[in-house]
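The values are calculated or read from the model by the stated rules, or taken from the named source; none is laboratory data. The model shown is predicted, which means the values in this text are computed figures rather than measured ones. Counting neighbours? That spans all protein chains shown, and the Cβs are built from the backbone with ideal geometry, glycine included. Ligands, DNA and RNA are excluded from the accessible area calculation, which covers all protein heavy atoms including side chains. Shrake-Rupley method; radii C 1.70, N 1.55, O 1.52, S 1.80 Å.
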Amino acid sequence: QKVPTDAVYTEELKELTKALLVYGKNAAAVLKNGTTVEVADVNWDNDIADAAGSKVENAGVNLTDISLDLKSKIRLRVYFAVATGTIDDYTVNVNDAEVNVFETKDGENTVFCIDYAVYAKLLNTPVRISIENAEGEKVLWLEMAPLYYAKIMATSENAPEGYENLMKAIKLYSDAADAYVASLKAQN
């Protein structure tokens, strides 16, 4: 499709496009074990809230892992194990809406995965996850912005090669998306 001749390419849109390109190059490099593109330093303290959460002891579920899936879309993934009963004994909610989970393996262990799509403009927006037992009691809850995971991985000594640049690129992509959305709101 052709771009209209009267299209307006704002600085914010140009920066968003550049940030998406750098993020895409780094994601492709990490997925293919290639060389990532160097990314300027980012300010990780810039309004990224720490994660919060709690678990009721001996409640039957255990948080096992958190990740960002970066294949075709950015997806926050939260993994948990069911120690008591079956998955049918629990209700899983994301942002107060019930969601389905899928079963997968973590080595020899069966775990369940919450798979939540995240748009760039929402990477710094907290996601609320809760798991309730059959009595409706929250036995596990977690609240975190997907960028919190990126912050931890970018600064971790144990992160896979290339993750520092990839996570910095995600942060810059998020910042550019925020600026672009703000510019659109200012125009209206």
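So in the range 125-136, with the set limited to residues that are over 19 Å from the mean Cα position of the chain (by Cα) and at negative phi, which one is most open to solvent (accessible area, probe 1.4 Å)? Across the range 125-136, the extreme among qualifying residues is E135. Considering I66, I48, the condition of being closer than 17 Å to R128 by Cβ, in a strand (DSSP E or B) and among the β-branched types (V, I, T) is satisfied by I66 alone. Within the span defined as the range 142-160, one or more residues are within 20 Å of N58 (Cα to Cα) and either of a type outside the set (F, W, Y) or more than 20 Å from the chain's Cα centre (by Cα) (or both). Among the residues of the range 69-111, those identified as of a type in the set (S, T, N, Q) and touching a residue at least 24 places away in the same chain (Cβ under 8 Å) are T84, T91, N93, N95, T104, N109, T110.
Residues in the range 164-182 that are closer than 30 Å to A97 by Cβ and either assigned to a loop (DSSP other than H, G, I, E, B) or touching a Ser or Thr at 6+ places or on another chain (Cβ under 7 Å) (or both): 1 in all.
Within the range 113-128, work out how many residues are in contact with a strand residue (DSSP E or B) (Cβ under 8 Å, 6 or more places away or on another chain), free of Cβ contacts under 8 Å to residues at least 60 places away in the same chain and not small (G, A, S). Here the count works out to 7. Take Y173 and decide whether it is at pLDDT 90 or above, within 22 Å of A28 (Cα to Cα), touching a helix residue (DSSP H, G or I) at 6+ places or on another chain (Cβ under 8 Å) and of a type in the set (F, W, Y). The answer is yes for Y173. Within the range 137-163, how many residues are in a helix (DSSP H, G or I), open to solvent by 70 Å² or more (accessible area, probe 1.4 Å) and touching a residue at least 60 places away in the same chain (Cβ under 8 Å)? Of the residues in the range 137-163, 1 are in a helix (DSSP H, G or I), open to solvent by 70 Å² or more (accessible area, probe 1.4 Å) and touching a residue at least 60 places away in the same chain (Cβ under 8 Å).
When we screen V30, V37 for residues that are under 23 Å from G162 (Cβ atoms), touching a residue at least 60 places away in the same chain (Cβ under 8 Å), assigned to a loop (DSSP other than H, G, I, E, B) and of a type in the set (A, V, I, L, M, F, W, C), the only hit is V37. Note on the range 33-61: residues that are open to solvent by less than 60 Å² (accessible area, probe 1.4 Å) and either more than 30 Å from I87 (Cβ to Cβ) or at pLDDT 85 or above (or both) total 13. Among the residues of the range 20-32, the one identified as over 17 Å from D69 (Cβ atoms) and surrounded by fewer than 16 Cβ atoms within 10 Å (Cβ to Cβ) is L21. Listed by position, the strands (runs of 3 or more DSSP E) inside the range 83-122 whose residues that are open to solvent by 40 Å² or more (accessible area, probe 1.4 Å) number at least 3 are 102-106, 109-117.
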